[in-house]
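Below is one structure, written out as structure tokens; the observations come after it.
The values are calculated or read from the model by the stated rules, or taken from the named source; none is laboratory data. For clarity, every value in this text was computed on a predicted model and none was experimentally measured. Don't worry about glycine lacking a Cβ; one is built from the backbone with ideal geometry, like all the others, and counts go over all protein chains shown.
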Amino acid sequence: MHPPVVSIHPDRKSGAKIGITTAHPVPHSRTTSYATWTIDEWLLFDYRAGWGTEAFEEKIDDGEIEVEFPEAWEDVADREEAREIVDANLEKIEEKAALRKQVMENGSRIDGPVFDGALAGGGTPAWGMRVRRRVWAGNGERRTGR
């Protein structure tokens, strides 16, 4: 079983489901426009090493580095095409991360510090932060007093 992958559908909005991915940013296997390679081949594509980038490929051409690529990634044109796909997916992942952050920032409020007891010299009073949510985040009816 493979880890979950990011599914980017350029022809439709992704909706409210904004997930967090820690998987390789390869296209979803059901996305036919990326079906040139299998999911197993995609997982062999080392995007972190820079495969398919101009700088990486120039280092190979100049003999600065020597890489033994898996069979699916031996052709430089394939690596460059795959890099474009991965970069587009990484951009979408960054956009979704920014949206998650915005939701969290807009949906909460932090008050504090709040001290428990009098502030007097010579001691350290108990203190904390009060975190409140601004939006209802639950199932069922919203309860008051929260």
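Exactly one residue out of Asp40, Asp78, Asp62 is more than 22 Å from Ala97 (Cβ to Cβ), acidic (Asp, Glu), surrounded by fewer than 16 Cβ atoms within 10 Å (Cβ to Cβ) and modelled with pLDDT of 90 or more, and it is Asp62. Restricting attention to the range 43-58, and to residues there that are surrounded by 15 or more Cβ atoms within 10 Å (Cβ to Cβ), without any contact (Cβ under 8 Å) to a residue 24 or more places away in the chain and in a helix (DSSP H, G or I), which single residue is nearest to the chain's Cα centre (by Cα)? Step by step, filter the range 43-58, then rank; the result is Phe56. Pull up the range 28-37, narrow it to residues that are modelled with pLDDT of 60 or more and surrounded by 15 or more Cβ atoms within 10 Å (Cβ to Cβ), then point me to the one that is farthest from Ile93 (Cα to Cα). Filtering first and then ranking leaves Trp37.
Against the numbered list (1) over 20 Å from the mean Cα position of the chain (by Cα); (2) more than 14 Å from Phe56 (Cα to Cα), Gln102 comes up short only at (1). Only residues that are more than 14 Å from Val26 (Cα to Cα) and surrounded by 15 or more Cβ atoms within 10 Å (Cβ to Cβ) were counted across the range 81-100, and they come to 1. Being touching a helix residue (DSSP H, G or I) at 6+ places or on another chain (Cβ under 9 Å) and part of a loop (DSSP other than H, G, I, E, B) is the filter; apply it to the range 60-74 and report the residue that is farthest from Asp46 (Cα to Cα). Selected residue: Glu64. Considering (1) within 19 Å of Ile39 (Cβ to Cβ); (2) outside any helix (DSSP H, G or I), the lone condition that Ala88 does not fulfil carries the number (2).
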